[in-house]
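Beneath this line is the structure, given in structure tokens, with notes to follow.
The values are calculated or read from the model by the stated rules, or taken from the named source; none is laboratory data. No experiment lies behind these values; they were computed from the predicted model shown. Note that we place each Cβ from the backbone using ideal geometry, even for glycine, and neighbour counts take in every protein chain shown.
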Amino acid sequence: MDYYFLTQLKNSTFANALLKTKEALQKEGFGVLNEIDMKATLKKKLDVDFHNYQILGACNPSLAYEALKAEDKIGTMLPCNVILQEKEKNFIEIAAVDPAASMKAVDNEALIRIAETVREKLKKVIENISV
């Protein structure tokens, strides 16, 4: 079982792919709680060059609330990460975690049902990203 959903954008700038990803997340009820620029972080901390790589911490507040009520330690797995990376110029990969895959480690039926809902929403996000 894959632990992520993936799409690829050809002939897209990284900035455009980032914008499209945030728009697709918003359409499915997600906000972006944090953004981590791995390229800049690795340059600053290790003085190494790395390709464009951004991590978005996405959260659907109502579903996160339901998950926290079902399992109070589930915050260790929140928010849902979505990554964008540009290994080749204007060729962007966008991937989102499959929360249902990671939630199988937790023995809580209510949480698994919530994770399935989040899974379907994140899957739609990835499917709906277009240039």
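Some observations on this one:
- Taking region 24-44 as the range and being among the small types (G, A, S) and within 11 Å of P79 (Cβ to Cβ) as the test, only G31 passes.
- Looking only at region 1-34, residues that are outside any loop (DSSP other than H, G, I, E, B), in contact with a strand residue (DSSP E or B) (Cβ under 7 Å, 6 or more places away or on another chain) and surrounded by 11 or more Cβ atoms within 10 Å (Cβ to Cβ) come to 16 in all.
- As a summary of the residue check, D47 satisfies the conditions (1) of a type outside the set (S, T, N, Q); (2) on the phi > 0 side of the Ramachandran plot; (3) surrounded by 20 or more Cβ atoms within 10 Å (Cβ to Cβ) except for the one numbered (3).
- From the options A115, A95, residue that is under 18 Å from I129 (Cβ atoms) and either in contact with a Ser or Thr (Cβ under 9 Å, 6 or more places away or on another chain) or in a helix (DSSP H, G or I) (or both): A95
- Of the criteria (1) at pLDDT 95 or above; (2) on the phi < 0 side of the Ramachandran plot, which one M77 fails: (1)
- Which numbered condition V106 misses (of (1) surrounded by fewer than 18 Cβ atoms within 10 Å (Cβ to Cβ); (2) of a type in the set (A, V, I, L, M); (3) within 27 Å of L19 (Cβ to Cβ)): (3)
- Flag for I126 being within 30 Å of K10 (Cβ to Cβ), assigned to a helix (DSSP H, G or I) and touching a residue at least 12 places away in the same chain (Cβ under 8 Å): yes
- Cross-chain or 6+ apart pairs with Cβ under 7 Å, region 35-61 first and part of a helix (DSSP H, G or I), then surrounded by fewer than 18 Cβ atoms within 10 Å (Cβ to Cβ) and among the β-branched types (V, I, T): M38/I55; L42/V48
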